[in-house]
1. Can you pull out the residues in segment 54-100 that are closer than 30 Å to residue 35 by Cβ and among the acidic types (Asp, Glu)?
2. Which one of these does residue 71 not meet: (1) in contact with a helix residue (DSSP H, G or I) (Cβ under 9 Å, 6 or more places away or on another chain); (2) free of Cβ contacts under 8 Å to residues at least 24 places away in the same chain; (3) part of a helix (DSSP H, G or I)?
3. Condition first: small (Gly, Ala, Ser) and either within 12 Å of residue 136 (Cα to Cα) or surrounded by 11 or more Cβ atoms within 10 Å (Cβ to Cβ) (or both). Now tell me which residues in segment 65-90 satisfy that.
4. Can you name every residue in segment 151-189 that is in a strand (DSSP E or B) and buried (at least 16 other Cβ atoms within 10 Å of the Cβ)?
5. Among the residues that make up segment 98-110, is at least one of them part of a helix (DSSP H, G or I), surrounded by fewer than 18 Cβ atoms within 10 Å (Cβ to Cβ), touching a residue at least 60 places away in the same chain (Cβ under 8 Å) and not small (Gly, Ala, Ser)?
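What follows draws every value from the coordinates through simple rules; no lab data is involved. Bear in mind the structure is a predicted one, so any value in this text is a computation, not a measurement. Every residue, glycine as well, gets a Cβ built from its backbone with ideal geometry; the counts of neighbours run over all protein chains shown.
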Amino acid sequence: MKSVVKVSKTVEGAIKEALEELQVSRNDVEIVVLEEPSKGLFGLIGTKDAAVKVTVINDPVEIAENFLSKMLMCMNVRANVSVKREGSQLYIEIVDIDSSDMGIVIGKRGNTLDAMQYLVSLSVNKNRQDYIKVLIDVMGYRKKREDTLIKLANKMAEKSRSIRKPVKLEPMNPYERRIIHSALQNVSGVTTYSEGEEPYRRVVIQAK
């Protein structure tokens with residue numbers, strides 16, 4: 001477990017410095033006050049700063065990395081995992097993977113990757129008070145898929161305007177449906193909505 005000792009004018013100041021260095025939230029650590037601050041004689045002589053030891057006991061980065069690495073091992077996929085935390089989000093990239101294994105990890109329209117993301121999220125957020133959003137990608141797949149969906153959205157919007165009838169897209173997961181809705185929200189002449197039940201829910205593009 002990672003730990004640091006910080007010294008500051010106040011206990012809270014020392015804790016804040018420790019959390020910033022460890023890049024975790026207060027709920028992820030155990031705090032031991034080693035020294036209480038004191039002003040000393042006349043508030044000048046013998047002044048002591050506060051000292052605290054902060055130990056990480058619930059590191060979401062470590063949990064995500066270990067869980068996903070074991071999952072890939074069980075899938076017989078050789079790859080490395082890179083995890084970066086930014087505030088309340090974890091950005092996870094699967095790297096150093098053979099092209100022959102990418103299809104296994106991604107699955108049909110990203111279904112396997114989405115399932116892995118969901119399981120890692122469950123593991124990371126187990127017994128947590130502050131929810132952390134988990135995003136997993138492999139070799140830039142999600143960006144490529146997003147670009148493909150945006151092109152599809154614009155093409156089908158043009159078709160809907162041309163035939164003056166609604167155009168129904170293939171079933172998509174919530175993440176991909178949001179991309180379609182977002183891509184067309186400011187496009188004149190069309191509106192979008194979703195219909196159906198999961199996992200067959202789809203976007204409909206309707207000419208105005």
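1. 59, 62, listed by residue number.
2. In the conditions (1) in contact with a helix residue (DSSP H, G or I) (Cβ under 9 Å, 6 or more places away or on another chain); (2) free of Cβ contacts under 8 Å to residues at least 24 places away in the same chain; (3) part of a helix (DSSP H, G or I), residue 71 misses (2) alone.
3. 69, 79, 82, 88
4. Hit for segment 151-189 is 167, nothing else.
5. Scanning segment 98-110, I find at least one residue that is part of a helix (DSSP H, G or I), surrounded by fewer than 18 Cβ atoms within 10 Å (Cβ to Cβ), touching a residue at least 60 places away in the same chain (Cβ under 8 Å) and not small (Gly, Ala, Ser), so the answer is yes.
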